[in-house]
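Each remark here refers to the structure printed beneath this line.
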Amino acid sequence: MQTSIAALRKKVEAEVMLDTHPEVSLDFKYVQEALQKGYSKPFLLVDSSIVRTKVRRFKAAMPRVHPHYAVKANPDPRVLKTLIEEGVGFEIASIAELDLLLTLGVAPAEIYYSNPMKSRAYLEYAAAKGVEWYVLDSVEELRKIVSVKSDAKMYLRIDTPNIGSDWPLAGKFGTHAAETKEIILEAVKLKADLAGVTFHVGSQCRNPQNWQEGIKRSKRVFADMRHAGLIPRLLNIGGGYPVRHVKPIPSIEVIGEGINAAIADLPADIHVMAEPGRYLVSDAAYFVCRVVGTATRNGKRWMYWDAGMFGGVIEVTEGLRYEIITDRTGHRISWCVAGPTCDSVDILMRDEMLSEDVQEGDFIYIPNAGAYTTAYASNFNGFPLPDVVVI
Ligand SMILES: *Cc1c(COP(=O)(O)O)cnc(C)c1O
């Protein structure tokens, strides 16, 4: 008993140690101001000045690492414009994302095609538009890219641990040692410009060592590439940089320290980039929705919001925990929280401690919700997409 308490205390202390730097959120007074104009449906209120602050902080923490924003986190054109003004490049998965960026005047050379599985039609389109860099993680994809664009510059996505990530991505993409060797040999055979390595530590990654391990593995692949006669020029350390919700996080400065040390001995001709998504946009926004109604079912209290997993609040279904704020200050009880649709999967939380007197019409405020909310929303069951309001 004694030891388990000591172990628990140690764990809590270690977690608190993670929180070394203050994190900023959108000032709540802007939410109140926005609501004074009325409310018709759920909305995301984004403060672009916080997006700017986050870009600058990211660059200061890792001076050698050029950020390329992952468009999927929040593709709102006003958000993208802010990022362009701050000198950020981009990472895309589809030609709709590509078109969006080209419309905003982004140079194709600043756009990296980081989806390891691309249709031939998408590849042809991206090549015609001037995109230079393409990811791959299989021999088949290497052959596909080369057959469409023989002078494509390519980077290899390798597998890396996702331990300590709230939204792990390992397993779907990333090569292991045996395939890596096979792909390098095939690139040499095809005279293809396989010139870089990338990895993704998993989203909302709270374990800084994952990046260090990814970089260590990348260096081994660089050595194998050189040995085979290829000329590596790009290290892409991916995304995953966490933001503050309920759990403590390592600051970008702490993560950056480990990354800076790990890349210090890379030759100067290796360009180092990253693909932050969540980190650059989450803290800039509040998601606001409303309670449609409440009910008691078999003794359990339920509340239904006008935005559920189809309306933007989807990351909770995979274990991410948001801070949920209401205007009520009563005794907290356990609630089941669900979305407005009739789909039985549309249940957000089954044991959320919220004020017992929450009622129909109450507002729900979710801070730091600028990433992976509106981007995921659909019109399923006839409910409207949330608005995005940018200040
Ligand atoms: C989603 C994604 C990112 C961004 O991840 P975050 O966790 O939001 O930083 C970066 N790179 C690739 C290839 C991705 O798929």
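Near W133, the amide H atoms lying under 5 Å from its own belong to Y113; only residues 5 or more places off or on other chains count, and H is placed 1.01 Å from N.
Between V139 and E360, the distance separating the two model label sites (each 7 Å from Cα on the Cα→Cβ line) works out to 6.4 nm.
Looking at the stretch 81-185, the trypsin sites (Lys or Arg not before Pro) that sit in a DSSP loop and have at most 16 other Cβ atoms within 10 Å of their own Cβ are K172. Spatially, the stretch 327-381 and the stretch 112-151 are offset by 40 Å when compared through their Cα centroids. Over all other residues within a Cβ to Cβ distance under 13 Å of D306, the charged ones net out to -2, with Lys and Arg as +1 and Asp and Glu as -1. Please identify, among D343, D193, D159, the residue showing maximal mean-square fluctuation in a Gaussian network model of the chain using a 10 angstrom Cα cutoff. Most flexible of the set in this elastic network: D343.
Note on the chain: GNM, Cα springs under 10 Å; of F28, F173, F310, the largest mean-square fluctuation is that of F28.
Protein heavy-atom accessible surface, 1.4 Å probe, per residue over the chain: 44 Å². Counting charges near V71 (Lys, Arg +1; Asp, Glu -1) among other residues having Cβ under 13 Å from its Cβ returns a value of -3. For every other residue with a beta carbon closer than 15 angstrom to the beta carbon of N381, add +1 if it is Lys or Arg and -1 if Asp or Glu, then tell me the sum. Computed value for this residue: -2. For the pair A96 and T53 in one chain, pulling the backbone fully straight at 0.36 nm per residue adds 12.7 nm over the alpha carbon distance.
Placing a label point 7 Å from the Cα of K300 along the Cα-to-Cβ direction, the residues of the stretch 311-343 whose backbone N falls under 11 Å of that point are 335-338. Which of rounded, prolate or oblate describes the stretch 28-111 when judged by the alpha-carbon gyration tensor and an a/c cut-off of 1.5? Since a/c reaches 1.5 but b/c is at least a/b, the shape of the stretch 28-111 is classed as oblate. Projecting the Cα atoms of L234, H331, A177 onto the charge dipole of the chain (Cβ charges, centred on the Cα centre) puts A177 farthest toward the positive pole. Spatially, the stretch 176-211 and the stretch 47-75 are offset by 24 Å when compared through their Cα centroids.
With a Förster radius of 51 Å applied to the C-beta separation of S40 and H271, the computed FRET efficiency comes to 0.65. Of the residues I158, A93, A109, the one whose Cα sits farthest toward the positive end of the charge dipole of the chain, with +1 on the Cβ of Lys and Arg and -1 on the Cβ of Asp and Glu, is I158.
The values are calculated or read from the model by the stated rules, or taken from the named source; none is laboratory data. The model shown is predicted, which means the values in this text are computed figures rather than measured ones. So basically every Cβ, Gly included, is an ideal-geometry build from the backbone, and we count neighbours across all protein chains shown. When the accessible area is computed, the model is the full protein with side chains, heavy atoms only, and any ligands, DNA or RNA have been set aside. Shrake-Rupley method; radii C 1.70, N 1.55, O 1.52, S 1.80 Å.
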